[in-house]
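A.B. asks: Here's a structure for you.
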Amino acid sequence: MAPISNPTRLSVNVNKVALLRNSRTLDIPDVRRLAALAIEGGAQGITVHPRPDGRHIRANDVPALRDLARARGVEYNIEGNPFHQVMDLVAAVRPDQCTLVPDDPGAFTSDHGWNLGREARKLEPVIAELKALGVRVSLFMDPDEGAMEQARAIGADRVELYTEPYASAFGGQGQAVALARYRAAAEAARRAGLGVNAGHDLNRANLPAFLKEVPGVLEVSIGHALVADALEFGMVQTVRMYRDAIAAGYQA
């Protein structure tokens, strides 16, 4: 395949900003304000992942952040399990993208992709419903090249490769093996006609190597590490640093 020049967009997941806010009753920090600062720094999208327990992003955050994203001309991505209440929020706000994630209601964080051998049949009507709303559909997937044709067959537009295994291997002897697996999965996705996103435990250190080796990643969604860095550097500067890290993945 021909090389692709820096297609990767940065979507900032603001869940951890909301988690900090929810620790008190003061509405500090202001999630919408921090999202606006992320956009000021160069974020090309805002991501939220509402969960049924409302421990971070709340239902009333979802339309407010949609309005901000539209006003500022960036993409809006809602992540979540379609069988745990997120579909009503998606139908109400019609984001640019919905990333379907198979997390349990009480999960600490997302920790695996869809098993399409078991779950394709129940996902297919959900995907059709989302596409009827005009929403692009991405499936949160492990880097399994053999699953990409099936993801496309049930109607997905993109896959988001779950990158925690790569992040855990980064800097160690398993890094090259992990990257080869992600590269094969991304290439299989592209052959199947799917766009490729990536996310989970990506950070300024491991992002350039990932993008250098994995072709054609359209979007990275980053929350935990980016928000942690923003506590030290400020949100605007942090987003600029992440944009620089993305660009470094495309340098010769």
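A.B. asks: Condition check: among the hydrophobic types (A, V, I, L, M, F, W, C), buried (at least 21 other Cβ atoms within 10 Å of the Cβ), touching a Gly at 6+ places or on another chain (Cβ under 9 Å) and at pLDDT 95 or above. Does Ile127 satisfy that?
C.D. replies: For Ile127, the condition - among the hydrophobic types (A, V, I, L, M, F, W, C), buried (at least 21 other Cβ atoms within 10 Å of the Cβ), touching a Gly at 6+ places or on another chain (Cβ under 9 Å) and at pLDDT 95 or above - is met.
A.B. asks: Give me a count of the residues in the stretch 117-135 that are touching a strand residue (DSSP E or B) at 6+ places or on another chain (Cβ under 6 Å) and under 18 Å from Tyr162 (Cα atoms).
C.D. replies: Residues flagged as touching a strand residue (DSSP E or B) at 6+ places or on another chain (Cβ under 6 Å) and under 18 Å from Tyr162 (Cα atoms) within the stretch 117-135 amount to 0.
A.B. asks: Sort out for me the helices (runs of 4 or more DSSP H) sitting completely within the stretch 1-106 that have 2 or more residues that are within 26 Å of Phe233 (Cα to Cα).
C.D. replies: 15-21, 31-41, 61-72
A.B. asks: List the number of the failed condition for Ala156; all other conditions in (1) more than 16 Å from Val101 (Cβ to Cβ); (2) buried (at least 19 other Cβ atoms within 10 Å of the Cβ) hold.
C.D. replies: The failed condition is (1).
A.B. asks: With Arg33, Arg51, Arg21, Arg55 as the choices, which residue is under 24 Å from Val137 (Cβ atoms) and among the basic types (Lys, Arg)?
C.D. replies: Step by step, each of Arg33, Arg51, Arg21, Arg55 is checked, and only Arg51 is under 24 Å from Val137 (Cβ atoms) and among the basic types (Lys, Arg).
A.B. asks: Hey, another quick one. Might you check whether a residue that is in a helix (DSSP H, G or I) and among the β-branched types (Val, Ile, Thr) occurs anywhere in the stretch 194-209?
C.D. replies: No, because not a single residue in the stretch 194-209 is in a helix (DSSP H, G or I) and among the β-branched types (Val, Ile, Thr).
A.B. asks: Further, regarding this structure: Considering only the stretch 110-132, state which residues are under 20 Å from the mean Cα position of the chain (by Cα) and farther than 20 Å from Gly199 by Cα.
C.D. replies: Within the stretch 110-132, Leu123, Val126, Ile127, Leu130, Lys131 meet the criteria.
The values are calculated or read from the model by the stated rules, or taken from the named source; none is laboratory data. Everything quoted here is computed from the prediction, not taken from an experiment. Cβ atoms come from the backbone with ideal geometry, glycine included; neighbour counts cover every protein chain shown.
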